[in-house]
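The values are calculated or read from the model by the stated rules, or taken from the named source; none is laboratory data. Small disclaimer: the values here were computed from a predicted structure and weren't measured. For neighbour counting, all protein chains shown are included, and Cβ atoms are generated from backbone atoms with ideal geometry for every residue, glycine included.
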Amino acid sequence: MQVDVKLFASLREGRFESEKAELENQSRVIDVIKKYNIPLEEVHICLVDGRDADTEHVLQDGNTVSLFPPVGGA
Amino acid sequence: MKIYRVNMSNLSFTQEEVPEEWRLLGGRGLTSAIVAKEVDPTCNPLGSKNKLVFAPGLFAGTMVANSGRLSVGAKSPLTGGIKESNAGGTAAQRFAKLGVKALIVEGIPEEDKWYCIHVHKDGVEIKEETELLGKGNYEVIHTMTARYGENTGVMTIGQAGEYKLSTANISVKDPKGHIRSAGRGGLGAVMGSKRIKFITLDDNDGAGIEMKDKEKFKDAARIFNKALLEHPVSGDALPKYGTNVLVNILNEAGGLPTKNFRMGRFDGAEKICGEKMYDTIVSRNGDPTHGCHVGCIIRCSQTYNDKDGKYLTAGFEYETIWGFGAGCLVDDLDIIARIDQMCDDIGLDTIDTAGTMMVAMEAGLLPWGDGEGIIKFVEEIKEGSHLGRILGNGPNFTGKAFGVTRIPTVKGQTIPAYDPRAVKGIGVTYATTTMGADHTAGYAVATNILKVGGNIDPLNKEGQIELSRNLQIATASIDSSGLCLFVAFAVLDSEPASHAIIDMVNAQYGTNWSVEDWFDLGRSVLKTEIAFNKAAGFTSKDDRLPEFVAESIPPHDAVWDITNEELDQVLQF
């Protein structure tokens, strides 16, 4: 299956802004994180199709996965 | 410490002892206490019965990081209720070093003259001012720095405050001569109503602050400062990307209010986001990280240069970029930076100016996405043309003039950069805070979106009432301390950091506060404000969001499903 992976802020460094990823069926968010060698502690916010998801969330074909490090503002 | 009182009706200055009831107040706690005590809640905010109060926070002038925020308070000409607005810059720590716990400005000059005020170690001088009338804030800051030296604090109003516009702010010089803003609620108009163009502060040979136990304070401050540096938000993300990192997060989450709160995502987000801004700043040799006051270690501010590498603006915030960007459909960061610079110079709140431009676009006065058109309209505000005076009085005033009903305000103040339907916790804050639609008053976005201090689903109403209430209380305490609100990112996640705050209060003031006493401070500040607003004529019908939130908003088809009864529970404590 294919998902859109979008990385933000410091997660983009040395990687990319967005990419289509080929994954095994039943892949989870954690598999995307591992695929791109992102240290788990660097990922603080995971959204799947714009909704909060944890790392065990099972993905479906066509999902968008958005990953952020810890960030703040106002 | 003393209370300084300036009376503009008879141009007099007096010093007073700090009454016991104000001894343990500072910042917002103190400005709200003074306004509630001394200002008739039914008065005309631009009349002689309103007062303008400046107060540094409880920790101003100490060595704890990020403690130099200034609070300014009055009855707001925008909301008609009590207002506290705060800013970084060079004022709060100078007030503290001069031993000034609060500066209260009252009355209105009898003659048709303008004045400036100079505060120094021996007191206050009130002088007539003619030279800088009609000039922008940057010119005032440059002239005062040349006249009194680099080490001078300056607070100033631009043309907007001189015109007494409801969106006028009070600007504070930052350590580099750039501009920070006590932005919301039209306090620049109150300063203009008293015909004060600027206030300068010379703290040379000031007596300094009071500190009961210096060693205990230092120990606690070290723990606190360390927690700020170690937390990834205050220690890494904010210094590097500033607040504008939020564009992409809110966009992905579907809560970035686009085209006057019609959609939760903006096609042009990548062109105005924090990542793009960082790359642009670096490639043009700007400064991607600096603090807005001495002792700030979070350094979320930056300087943004134009494409020729010349200084364009500083303190370029997410709210501003969202408002003129996604809100108005402008996707050019350079145009938005120019607008930011103009608002700083004219002395206009960028959130309310952006809200006004959204309403102007609704009215068909400008095409959506017309950034150059916004620039022309901001110039009209500066010129004081009739259109400018309409626009400068904010979205409700402009909407009424042009027959627009889709107006994104609560209590007359523009809703900031998070859609209430997609980020429900902040929606609760917008509706219920005494300040009007204000995101800083109880920043539920931290827990709804940023996963700081917990994790509460932004699209679900569950837990949002309690979240907003708790954050409003905690924020009122922090706003009284003079600490920058961004310390909350570390404090919400670190018990040692929150305990250190209590230890610092006790060390400095000789109190014996527990954590509960610290929150009681926040509760009492809110109760004071609620009582003022009630006496000013506010009822629960003012604690509501605008009608358009009944529509669902894409991409999540989110709806506002929090009931009026639930909203009325928020400030019950």
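So, of the residues in the stretch B:495-516 that are surrounded by fewer than 19 Cβ atoms within 10 Å (Cβ to Cβ) and among the small types (Gly, Ala, Ser), which turns out to be farthest from B:Arg23 (Cα to Cα)? Among residues in the stretch B:495-516 that are surrounded by fewer than 19 Cβ atoms within 10 Å (Cβ to Cβ) and among the small types (Gly, Ala, Ser), the one farthest from B:Arg23 (Cα to Cα) is B:Ser514. Tell me the residue from B:Thr511, B:Thr528 that is within 30 Å of B:Asn396 (Cβ to Cβ) and not assigned by TED's automatic domain parsing to the domain that holds B:Glu317, please. Of the residues listed, the single one that is within 30 Å of B:Asn396 (Cβ to Cβ) and not assigned by TED's automatic domain parsing to the domain that holds B:Glu317 is B:Thr528.
For B:Leu238, state whether it is facing another protein chain (nearest Cβ under 9 Å), closer than 24 Å to B:Ala87 by Cα and in contact with a Lys or Arg (Cβ under 8 Å, 6 or more places away or on another chain). In short, yes. All conditions but one from (1) within 14 Å of another protein chain (Cβ to nearest Cβ); (2) surrounded by 24 or more Cβ atoms within 10 Å (Cβ to Cβ); (3) touching an Asp or Glu at 6+ places or on another chain (Cβ under 9 Å); (4) among the hydroxyl-bearing types (Ser, Thr, Tyr) apply to B:Ser477; the one that does not is (1).
The residue that is nearest to B:Ala182 (Cα to Cα), counting only those in the stretch B:263-303 that are touching a residue at least 40 places away in the same chain (Cβ under 8 Å) and aliphatic (A, V, I, L, M), is B:Val294.
So that you can scan it fast, the table gives a plain yes or no per residue for (1) touching an Asp or Glu at 6+ places or on another chain (Cβ under 8 Å); (2) at pLDDT 95 or above; (3) not basic (Lys, Arg):
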site	(1), (2), (3)
B:Asp202	no, yes, yes
B:Glu210	no, no, yes
B:Ala221	no, yes, yes
B:Ala237	no, no, yes
B:Tyr241	yes, no, yes
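When the stretch B:1-28 is filtered for residues that are surrounded by 15 or more Cβ atoms within 10 Å (Cβ to Cβ) and in contact with a Pro (Cβ under 9 Å, 6 or more places away or on another chain), the ones remaining, listed by number, are B:Ile3, B:Met8, B:Leu11, B:Gly26, B:Gly27.
Going through (1) in contact with a strand residue (DSSP E or B) (Cβ under 8 Å, 6 or more places away or on another chain); (2) outside any helix (DSSP H, G or I) one by one, B:Trp513 falls short only on (1).
Which of the residues belonging to the stretch A:30-49 are more than 14 Å from chain B (Cβ to nearest Cβ) and either part of a helix (DSSP H, G or I) or at positive phi (or both)?
Answer for the stretch A:30-49, where residues must be more than 14 Å from chain B (Cβ to nearest Cβ) and either part of a helix (DSSP H, G or I) or at positive phi (or both): A:Ile30, A:Asp31, A:Val32, A:Ile33, A:Lys34, A:Lys35, A:Asn37.
Do the conditions hold for B:Thr414, that is, is it closer than 27 Å to B:Ala360 by Cα and within 14 Å of chain A (Cβ to nearest Cβ)? Judged against the criteria, B:Thr414 is not a match. Exactly one residue among B:Ile170, B:Ile196 is more than 14 Å from chain A (Cβ to nearest Cβ), closer than 26 Å to B:Leu78 by Cβ, among the hydrophobic types (A, V, I, L, M, F, W, C) and touching a Leu at 6+ places or on another chain (Cβ under 6 Å), and that residue is B:Ile170. Can you confirm whether B:Pro395 is outside the structural domain of B:Phe532 (by TED's automatic domain parsing), buried (at least 24 other Cβ atoms within 10 Å of the Cβ) and within 20 Å of B:Gly188 (Cα to Cα)? In short, yes.
Do any helices (runs of 4 or more DSSP H) entirely within the stretch B:146-237 hold 2 or more residues that are within 16 Å of the chain's Cα centre (by Cα) and aliphatic (A, V, I, L, M), and if so, which? If you could, list the steps in order and put the result at the bottom.
Details: elements: B:159-162, B:187-193, B:214-230.
Result: B:187-193.
From the residues in the stretch A:1-15 that are within 12 Å of chain B (Cβ to nearest Cβ) and assigned to a loop (DSSP other than H, G, I, E, B), which one is surrounded by the fewest Cβ atoms within 10 Å (Cβ to Cβ)? Result: A:Glu13.
The single condition among (1) within 14 Å of chain A (Cβ to nearest Cβ); (2) at pLDDT 95 or above that B:Pro288 does not satisfy is (2).
Every residue in the stretch B:129-145 that is in contact with a Lys or Arg (Cβ under 9 Å, 6 or more places away or on another chain) and in a helix (DSSP H, G or I), please. B:Asn137, B:Val140, B:Ile141, B:Thr143, B:Met144, B:Thr145 - these are the residues of the stretch B:129-145 that are in contact with a Lys or Arg (Cβ under 9 Å, 6 or more places away or on another chain) and in a helix (DSSP H, G or I). A count restricted to the stretch B:118-171 and to residues that are surrounded by fewer than 24 Cβ atoms within 10 Å (Cβ to Cβ), in contact (Cβ under 8 Å) with a residue 40 or more places away in the chain and β-branched (Val, Ile, Thr) stands at 3.
The residues of the stretch B:440-474 that are buried (at least 22 other Cβ atoms within 10 Å of the Cβ), closer than 15 Å to B:Arg421 by Cβ and within 11 Å of chain A (Cβ to nearest Cβ), listed by number, are B:Val445, B:Asn448, B:Ile449, B:Pro458. Provide a single number: the residues in the stretch A:50-74 that are within 12 Å of A:Asp4 (Cβ to Cβ), more than 7 Å from chain B (Cβ to nearest Cβ) and not in a loop (DSSP other than H, G, I, E, B). Here the count works out to 3. Can you confirm whether B:Asn244 is closer than 30 Å to B:Lys83 by Cα and either in a helix (DSSP H, G or I) or in contact (Cβ under 8 Å) with a residue 24 or more places away in the chain (or both)? Yes. Could you tell me whether any residue of the stretch B:248-260 is more than 9 Å from chain A (Cβ to nearest Cβ), surrounded by fewer than 22 Cβ atoms within 10 Å (Cβ to Cβ), under 30 Å from A:Glu13 (Cα atoms) and modelled with pLDDT of 95 or more? Looking through the stretch B:248-260, none of the residues is more than 9 Å from chain A (Cβ to nearest Cβ), surrounded by fewer than 22 Cβ atoms within 10 Å (Cβ to Cβ), under 30 Å from A:Glu13 (Cα atoms) and modelled with pLDDT of 95 or more. Please indicate, with yes or no, whether at least one residue in the stretch B:551-562 is within 22 Å of B:Tyr443 (Cα to Cα), aliphatic (A, V, I, L, M), within 24 Å of the chain's Cα centre (by Cα) and surrounded by fewer than 19 Cβ atoms within 10 Å (Cβ to Cβ). No: the stretch B:551-562 contains no residue that is within 22 Å of B:Tyr443 (Cα to Cα), aliphatic (A, V, I, L, M), within 24 Å of the chain's Cα centre (by Cα) and surrounded by fewer than 19 Cβ atoms within 10 Å (Cβ to Cβ).
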